[in-house]
Amino acid sequence: MIYFTRLDLIFRQLATPSIRLRLRDIYIATKPLAFQKAEPILRSPTLQKNNRTAEGHRPYMNAMRAINELGAYFYREGGALQGHAQQQQQQQQQQPSDLMLVITGADLCSDAADSGWASAGTPNDGCSYASIRGQSFVGGACRVDRRRGRRLNVAVVEDGGYFDGVLVSAHELGHLLGAVHDGAWPLSGILGPGGRGCSPASGQLMAAAGPGAGGNGGGGFRKGAKKVGGSSAFTWSHCTAEQLAYYARLPVAMCLYHRPPFM
Ligand SMILES: [Zn+2]
């Protein structure tokens, strides 16, 4: 709950649009999914060395594969998850969750060739760096990809167990809600103001440069790409605020609107 409260506070900084996060359900996995057990092919000597020698090293997990397969899992299991929610919240019977944030203890990694939505059809079976800390689909909120059978409203974030994933979670939810990185062009599928009017070096929440940032929808977040700990790390750029406001007015974003007390 502390994690979620901190996340909500980050979004409360925004005056326009006004965004409140409401925690709907918490699920704790009791057994790993198949892709969690399949270790990625480590294409870099550094990762291979860490994997062998770093004490207590967490298992690597390909971030693109994680959101693709989690999206497919939630698509398949949507009925079951929804059924559980129904027992607790009769009012929301027919509504799947707007956003799904998956927090993992694995060490997320990525292949140099992985680049967002474009890599959805590739196996995402290898990794060449592990500086990535989160992954999501830009503008994935409310979206379902029925052709491929997966939900796109999924973000995965790594957390070492001490709330270090909160800022990354805010960043990934920003992506899901339609924002690209500061400095990036708008996505062709979303358009809107994009992030060109803001500096990627500002260190603000959406400043990180990740794989796919330039074009096709991968919302990666890499540690070290921003000044962690600086006051700007907790703030949204005006570009992000404009993009979130733009996205919130699109027809696809209607699922995000809830009447109080669900705000
Ligand atoms: Zn990102």
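Here are the numbers for the structure shown:
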| quantity | calculated |
| --- | --- |
| Which of Trp185, Trp236 has the fewest Cβ neighbours within 10 Å, and the rest in rising order | Trp185, Trp236 |
| Order of Phe137, Phe35 under a 10 Å beta carbon neighbour criterion, fewest first | Phe35, Phe137 |
| FRET efficiency for Arg196 and Gln13, using Cβ-Cβ distance with R0 set to 25 Å, rounded to 0.05 | 0.65 |
| Pairwise label distance in nanometres, Asp25 with Leu250, each label 7 Å out on the Cα-Cβ vector | 2.6 nm |
| Net length gained if the chain between Glu55 and Thr122 were fully extended (0.36 nm per residue, minus Cα distance) | 21.0 nm |
| Least to most buried among Tyr257, Tyr162, Tyr129, Tyr247 (fewest other Cβ within 10 Å first) | Tyr162, Tyr257, Tyr129, Tyr247 |
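Laboratory data are not the source of any read-out in this text; all were calculated from the coordinates shown. As the structure is a prediction and not an experimental result, all values here were calculated from the model. Positions of Cβ are generated from backbone atoms using ideal geometry, with glycine treated the same way; all protein chains shown enter the neighbour counts.
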